[in-house]
Number of protein chains: 2
Amino acid sequence: MFEYNDENLKGWLQNAIHAALEAGEIISAALQKQRFTESKENPADLVTATDKAVEEFLFNHFKKCYPEHKFVGEETSAMTGSTVGQLDDVPTWIIDPVDGTTNFVHGFPFFCVAIGLAVNKTATIGVVYNPKLRELFYASKGHGAFMVTDPIKVKVGDGVKLTGAPLPLPDTLSHALIATEYGSSKVPSVLDPKIEIIRKIITNPVAGRGIRSIGTAEMHMCLIAQGAIDIYYEAGTHAWDVCAGAVIIQESGGQVFNWMSDQPFDILERTIIAVRGDGTVRHEKAPLIKELESLMIYIEYPRD
Amino acid sequence: MFEYNDENLKGWLQNAIHAALEAGEIISAALQKQRFTESKENPADLVTATDKAVEEFLFNHFKKCYPEHKFVGEETSAMTGSTVGQLDDVPTWIIDPVDGTTNFVHGFPFFCVAIGLAVNKTATIGVVYNPKLRELFYASKGHGAFMVTDPIKVKVGDGVKLTGAPLPLPDTLSHALIATEYGSSKVPSVLDPKIEIIRKIITNPVAGRGIRSIGTAEMHMCLIAQGAIDIYYEAGTHAWDVCAGAVIIQESGGQVFNWMSDQPFDILERTIIAVRGDGTVRHEKAPLIKELESLMIYIEYPRD
């Protein structure tokens, strides 16, 4: 076990907040450029450049500050084809430089930089910053989750404490606002069950209040922490899609699981189901999760 | 034909903008109340009260200002079971007091008051205000579409002129960000084709960049006018879901049609397909619409 204390944790969190805001500046600058880009430029290229620039900035930043830590980024993994599988007890920064890349290219306002820190294989710090909406979310294990609007200089403890929502989490899906994603996989073994689950949710006698899809896992998770969505599920996520958000949800009083599992949330598993908090402490899985799981079909993915 | 001139139009638009901002105040007040509501209160009741209060305010407002005009509101129609079918040449205010009711109850940030004016059966004025994001959109036929952030006192002509996006509208679905809704209908003749269309979009060789669902037609349409979404389609919409947005899209240089129709957009038909503008004038249906229509299955609804 890697030993750490509250002081380490606070220092890492403070550092990650600064890094996220600085990364947000890089993304915002690219966004400005994109708005005035000539049509000849390929929007996909522009985004890849931004993704890479942000990841490189964060890699160098954390390498310099914490040479003894490890680093996993979406772009690096995509380039090298490596997975997160080697995760051990050493603190590991797990980063999505731009979560919601497609939204970023198109100007759809949900995209963010996501910085997670796993210690002893457990999501321990989460920082998510949406530079378009200028919303910062941060949390560290045992110290709560917070949201800062229009962040400039942020000190740990600043902002509004997140607790899900004042109203109780509904006990039945019929009162729940649900979020999920179709994803882009055309593989029948992945796409068919995804569509079948959606059909089952809609045709279920109790149904739900509606299904939302905004195209970024981390922002869905921040909406859960704010209480704007009751329940979120997705299959095919990677560690960098969920590491930061998992801490933010847990620290806001919500719950995060892998599909159909009672074990503690494993960021290397490729499925997620999460509910918001409502101010009450739960020792068991929320009934809402159990009900949604009764409509689900397990989808097999290789571990990260 | 009902005769009107630029001066009438400007007066009506100015009036509708003021009314939308005032309606937004009513919604915001309810939102505050909702946040601190005791759990015993049924969120669904609260929303119905807000819907009704806003519709009543707007009905009385327009009745007083324009006694010779007609008025159609979502709530009134829902209560009386009446449809919009009687639409004639007389200017008719077509209103959704809260579009995105479920989002409003849950705090998901996309909901709005939508005020449309149909003259000679044609969507002629559109005003959409999201009091949560504090974003106002307005347009009148022949005079452009505009967006005002943090609106307080707004004069016609204020704000940023909307033109879709600077990049050309993609010619193929493979580069397009798509928006649609699952809706809540469990009727197989409605649900099955909806799900089949989504499956066809995802499994199509060219596919698309992704599918988004935010739970309000009018806000989807404002995102089209801003250029944040390339193409939007939905079945089962009512006149009050699309009247305001249609003018805003058309005046931003985008196109709005009923599914698989080359006729001018009819707000009483229950299907919609729309693309964003890109600064070019099109005399024909955008190729993107034709391509999406090739994947669609027509869904039959009774007219409004």
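Structure notes:
- Filtered residue count, the range B:173-191, keeping only those that are closer than 16 Å to residue B:229 by Cβ and either open to solvent by less than 10 Å² (accessible area, probe 1.4 Å) or over 23 Å from the mean Cα position of the chain (by Cα) (or both): 8
- Test: residue A:242 is crowded, with 22+ Cβ neighbours inside 10 Å and more than 9 Å from every other protein chain (Cβ to nearest Cβ): yes
- Residue in the range B:289-300 that is buried (at least 21 other Cβ atoms within 10 Å of the Cβ), more than 23 Å from residue B:194 (Cα to Cα) and in contact (Cβ under 8 Å) with a residue 60 or more places away in the chain present: no
- Scanning the range B:104-121 for residues that are more than 14 Å from every other protein chain (Cβ to nearest Cβ) and modelled with pLDDT of 95 or more, we see that the one that is surrounded by the fewest Cβ atoms within 10 Å (Cβ to Cβ) is B:119.
- Matching residues, the range A:257-304, being among the hydroxyl-bearing types (Ser, Thr, Tyr), assigned to a loop (DSSP other than H, G, I, E, B), at pLDDT 95 or above and closer than 26 Å to residue A:117 by Cβ: A:261
- Qualifying positions in the range A:153-172 - open to solvent by 60 Å² or more (accessible area, probe 1.4 Å), touching a residue at least 24 places away in the same chain (Cβ under 8 Å) and out of contact with any Gly (no Cβ under 9 Å at 6 or more places or on another chain): A:155, A:171
- Options B:223, B:136, B:191, B:177: the member that is in contact (Cβ under 8 Å) with a residue 60 or more places away in the chain and either of a type in the set (A, V, I, L, M) or facing another protein chain (nearest Cβ under 9 Å) (or both): B:136
- Some residue of the range A:136-152 being part of a loop (DSSP other than H, G, I, E, B) and closer than 30 Å to residue B:198 by Cα: no
- A residue that is among the polar types (S, T, N, Q) and either in contact with a helix residue (DSSP H, G or I) (Cβ under 6 Å, 6 or more places away or on another chain) or closer than 26 Å to residue A:71 by Cβ (or both) can be found somewhere in the range A:243-251.
- Among (1) within 13 Å of another protein chain (Cβ to nearest Cβ); (2) open to solvent by less than 40 Å² (accessible area, probe 1.4 Å) - the single one residue B:196 does not satisfy: (2)
- Per-region count, the range A:129-160, residues in contact with a helix residue (DSSP H, G or I) (Cβ under 6 Å, 6 or more places away or on another chain) and within 14 Å of residue A:250 (Cβ to Cβ): 6
- When residues of the range A:142-152 are limited to those that are more than 14 Å from every other protein chain (Cβ to nearest Cβ) and at positive phi, the one least open to solvent (accessible area, probe 1.4 Å): A:144
- Hits in the range A:201-210 - residues which are in contact with a strand residue (DSSP E or B) (Cβ under 7 Å, 6 or more places away or on another chain), open to solvent by 10 Å² or more (accessible area, probe 1.4 Å) and at negative phi: A:208, A:209
- Meets criteria (polar (S, T, N, Q) and open to solvent by less than 20 Å² (accessible area, probe 1.4 Å)) for residue A:280: no
- Residues in the range A:245-256 that are in contact with a His (Cβ under 8 Å, 6 or more places away or on another chain) and either open to solvent by 30 Å² or more (accessible area, probe 1.4 Å) or in a loop (DSSP other than H, G, I, E, B) (or both): A:251 alone.
- Odd one out for residue A:214, checked against (1) hydrophobic (A, V, I, L, M, F, W, C); (2) closer than 24 Å to residue A:73 by Cα; (3) crowded, with 24+ Cβ neighbours inside 10 Å; (4) within 10 Å of chain B (Cβ to nearest Cβ): (3)
- Meets criteria (of a type in the set (S, T, N, Q) and open to solvent by less than 10 Å² (accessible area, probe 1.4 Å)) for residue A:101: no
- Selection status of residue B:230, surrounded by 24 or more Cβ atoms within 10 Å (Cβ to Cβ) and among the acidic types (Asp, Glu): yes
- Given (1) among the β-branched types (Val, Ile, Thr); (2) more than 25 Å from residue A:207 (Cα to Cα); (3) in a loop (DSSP other than H, G, I, E, B), index of the condition residue A:242 fails: (3)
The values are calculated or read from the model by the stated rules, or taken from the named source; none is laboratory data. Every value quoted in this text rests on a predicted model; they were computed, and no experiment measured them. Counting neighbours? That spans all protein chains shown, and the Cβs are built from the backbone with ideal geometry, glycine included. We work out accessible area using only protein heavy atoms, side chains counted, and drop any ligands, DNA or RNA first. Shrake-Rupley method; radii C 1.70, N 1.55, O 1.52, S 1.80 Å.
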